[in-house]
Structure formats: structure tokens, C-alpha cells
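Peer 1: Structure below; questions to follow.
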Amino acid sequence: MCLFVGGVPFEDVRDRKRDELAAQGKLPFGATPVMEVDGKVLSQTQAMAAYSSKLAGLHPADPWDSAKVDEAINGCTDVTVTIGGTFRLPDDQKLKAREALIAPGGRLTVQLGGIERLLVENGSCGFLVGKSLTVADLALWRLVGWLSGGKIDGIPKDYVSKTFPQISLLVETVDSHPKVKEWKSLHPKFYQ
């Protein structure tokens, strides 16, 4: 999405099978997604996001602001890891574990609370860093889409919107960006 928003030409290839990529030696860590640039392969979501966002002008040049973008993205990763840990639990324990995560003082509430504080520190303008869209905003927007999509049993669809007003404002801000709207219209099955 960074490349699209920034107007950087690219080929969006989603139909390659993991086995095919592995046979071609294009899965350095044995996982997808990967990005190929001029015959070289880049993997790991954060590395691809950093590279793409720098090309697209969605990653600040200022060292402090750049670090704040990385901080926010790492916070999003922490949330993903926290939720991901519950998927390995036996079914009879998942709901109870997730209820504990979203309770006041629960691990997920604390982690999202940290991201909420970043937004407040930035002046509650609807962006995590500065006054315009960065890759960190896109990362948080997708994370909230996943958390609020109703697909994770035990995480209510309105958990984020009822608990974190600044995160909710960011989601609205990103959703209203013309290039984000256009991207979503091109890929409707991913943004239902």
C-alpha cells in the first residue's frame, strides 16, 4: 500500500504459491510475503514496509521521527505477537485468555494504550508521527482492521473503538485518505 499511496510503480503479484517461491530460492526465511526488486529478494514485513515507505515518501527523514515510526510499528508487532500466542491455546482456553488480554490492565490493553499515548503525544491529529500519513499509520490501520473484523473470538469488534479514541480517529483518518480508498476499491475482498 505504501508504494501505491506514494505513486511508486510496482507489480502486485499475489498468486504465487509458497512451494514455487521456495523452489526458486525466494523465501530466505521460509515464509511469505516477499518482495523482489531488480532480481533481489527482500523478506520480513517490517523490512519491506521500511523500504517501500522510504521509496514512497511515507517514512520521515528526520532521525527522531523515523525512530518514532519504528516505535509505533514495533508496538503493532507486539500486539500481533500477543494475540498470536492465543491461537496456539486449546480451544477451551482461548476465550478466557483473550478476555484477560482486553481487560483493564490486560496485556493487549496496555500495548494498545502505549500506541494511544503516541497519538496523544503527537497532538491528537489523527497521525502517529508528524502531520501527514506515514507507514506507521498504515500499519496501525491494518492492525485495527484485523482486531475489529470480528474474526478473533473473544475480541469484540468494538473493543478498539470503545477503548482507544485516538486510535479510532487514526483509523477514520486513514480510511478517508483518497489513495487508501482507491486501493481498497481495487482489492475489496481484503477490506470487507
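The values are calculated or read from the model by the stated rules, or taken from the named source; none is laboratory data. As the structure is a computational prediction, the values presented were derived from the model and not from experiment. Cβ: placed from backbone, ideal geometry, glycine included. Neighbour counts: every protein chain shown. In case anyone asks, the SASA skips ligands and DNA or RNA and just uses the protein heavy atoms, side chains included. Shrake-Rupley method; radii C 1.70, N 1.55, O 1.52, S 1.80 Å.
Peer 1: Can you give me the accessible area per residue for the stretch 97-190, using a 1.4 Å probe, in Å²?
Peer 2: Per-residue value: 48 Å².
Peer 1: Another question, then. Straight-line reach only, C-alpha to C-alpha below 15 angstrom: list the aspartates and glutamates that LYS184 could link to, leaving out same-chain residues fewer than 8 apart.
Peer 2: Answer for LYS184, where 15 Å is the Cα cut-off: ASP12, GLU172, ASP175, listed by chain and number.
Peer 1: Another question, then. Restricting to DSSP loop positions (anything but H, G, I, E, B) with no more than 16 other Cβ atoms inside 10 Å of their own Cβ, which chymotrypsin sites (Phe, Trp or Tyr not before Pro) remain in the stretch 1-77?
Peer 2: For chymotrypsin sites (Phe, Trp or Tyr not before Pro) across the stretch 1-77 that sit outside H, G, I, E and B with at most 16 neighbouring Cβ atoms in 10 Å, the list reads PHE10, PHE29.
Peer 1: Another question, if that's okay. Is it possible to state the helix-based mean residue ellipticity at 222 nm for the chain, with each DSSP H run of 4+ residues giving -39500 (n - 2.57), the sum divided by total residues, to the nearest 500 deg cm²/dmol? What is it?
Peer 2: -18000 deg cm²/dmol
Peer 1: Net charge near LEU27, counting Lys/Arg +1 and Asp/Glu -1 over other residues with Cβ under 12 Å of its Cβ?
Peer 2: Surrounding charge for LEU27 is +1.
Peer 1: Which of the listed residues, THR163, ALA47, LEU133, is farthest toward the dipole's positive end in the chain, when Lys, Arg count +1 and Asp, Glu count -1 at the beta-carbon?
Peer 2: Toward the positive end, the furthest listed residue is THR163.
Peer 1: Run the accessible area of the chain with a 1.4 Å probe and give the carbon-and-sulfur part as a rounded percent.
Peer 2: Roughly 55 percent, rounded to a whole number.
Peer 1: Another question, then. So with the 1.4 Å probe, I'd like the accessible area per residue for the stretch 1-90, rounded to whole Å².
Peer 2: Ligands and nucleic acids excluded, the result is 62 Å² per residue.
Peer 1: Sort 159-171, 75-87 for me by packing, meaning the mean count of neighbouring Cβ atoms within 10 Å per residue, highest on top.
Peer 2: Those peptides, ordered most packed to least, come out 159-171, 75-87.
Peer 1: Ordered by residue, what ³J(HN,Hα) values in Hz, to whole numbers, does the stretch 74-85 give under the Karplus form 6.51 cos²θ - 1.76 cosθ + 1.60, where θ = phi - 60° and Gly and Pro are x?
Peer 2: Values per residue, Gly and Pro as x: 5, x, 4, 4, 4, 4, 4, 5, 4, 5, x, x Hz.
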